[in-house]
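K.L.:
Dumping the structure here so I can ask a few things about it.
The values are calculated or read from the model by the stated rules, or taken from the named source; none is laboratory data. Since this is a predicted model, take the numbers as computed values, not measurements. Virtual Cβ from ideal backbone geometry, glycine too; neighbours counted across all protein chains shown.
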Amino acid sequence: MKNFPYKFFICVVLFSMLLSCSNQRANEPSTNEENQIELTTIQDKKRFLKQILKDDQAVRDGQLESSLIATYGYNSVEHKEYIENQWKQDEVNLHKIELYLKKYGYPKKVLFGKDERVVPWLVIHHSTNISVRNRYFDILYNAYKDGNIDQTAFSMYLNRTYKFTFREDFDMKGNFSSDIEISRLIEKLGLEQGLEKE
């Protein structure tokens with residue numbers, strides 16, 4: 001019986017540790033929570049989009065990049081780290097925008113300012129993954145047609161997609177309007193099939 005207080009003490013400590021671990025797990029975000037967003041008001045959505053824009057721009061500094069290249073060289077470890085930080089942030093931003101678009105759709109002109117409406121386009125435009133760029137073509141095309149992004153932005157997205165796809169710049173001879181350029185790019189990229197269903 002002399003060992004009883006000691007054994008009891010050990011049991012209490014072990015139980016407390018198990019309880020502590022259980023509470024810690026409960027406080028950690030679950031996979032489901034990480035894959036959901038709850039933005040109940042327009043102001044919540046605006047703050048969400050503005051934060052993504054802020055995060056996007058925080059890893060982009062033209063002067064800093066030029067300085068790194070001038071000092072260490074384009075293929076240096078320093079410049080590589082700078083670019084890799086961009087890629088990492090772009091992946092985080094893309095995940096957030098995918099969740100946003102799936103739940104709320106593209107931000108509309110009647111409710112959101114230009115700074116907020118440009119964010120989904122900007123994040124998708126920064127992606128170097130052709131599949132991702134093509135996957136969001138319909139959403140960006142409709143955003144362009146509805147006036148939620150301008151012609152220049154949509155043209156830039158298509159031109160960059162073309163460059164990633166064919167490893168060359170898109171080149172049209174002669175005088176042509178932006179509408180014609182956009183139509184040709186959509187045709188060259190094979191993205192017109194979805195538009196025929198509309």
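K.L.:
Name the one entry in VAL132, VAL92 that is under 20 Å from LYS45 (Cβ atoms), in a helix (DSSP H, G or I) and under 19 Å from the mean Cα position of the chain (by Cα).
P.N.:
Working: VAL132 fails: under 20 Å from LYS45 (Cβ atoms).
One residue alone meets the criteria, VAL92.
K.L.:
I need every pair where a residue in the range 133-151 that is farther than 22 Å from ASP115 by Cβ has its Cβ under 6 Å from the Cβ of a residue that is surrounded by fewer than 20 Cβ atoms within 10 Å (Cβ to Cβ) and not β-branched (Val, Ile, Thr), sequence separation at least 6 or different chains.
P.N.:
Correct list of pairs: PHE137/LEU191; ASP138/GLY194.
K.L.:
Out of the residues in the range 40-68 that are over 17 Å from the mean Cα position of the chain (by Cα) and hydrophobic (A, V, I, L, M, F, W, C), state the one that is modelled with the highest pLDDT.
P.N.:
Per the criteria, the residue is ILE42.
K.L.:
In a helix (DSSP H, G or I) and not acidic (Asp, Glu): which single residue out of TYR100, TYR106 fits that description? Quick ask: steps written out before the conclusion?
P.N.:
Details: TYR106 fails: in a helix (DSSP H, G or I).
One residue alone meets the criteria, TYR100.
K.L.:
From the residues in the range 58-80 that are free of Cβ contacts under 8 Å to residues at least 12 places away in the same chain, of a type outside the set (Ser, Thr, Tyr) and part of a helix (DSSP H, G or I), which one is surrounded by the most Cβ atoms within 10 Å (Cβ to Cβ)?
P.N.:
ILE69
K.L.:
Let me ask you something else. Six or more apart or on different chains, Cβ atoms under 9 Å: show the pairs whose first residue is in the range 44-57 and surrounded by fewer than 15 Cβ atoms within 10 Å (Cβ to Cβ) and whose second is in a helix (DSSP H, G or I).
P.N.:
LYS50/ASP115; LYS50/GLU116; LYS50/VAL119; GLN51/LYS96
K.L.:
What do you reckon, is ILE124 aliphatic (A, V, I, L, M), farther than 30 Å from LEU68 by Cβ and not in a loop (DSSP other than H, G, I, E, B)?
P.N.:
Answer is no for this residue.
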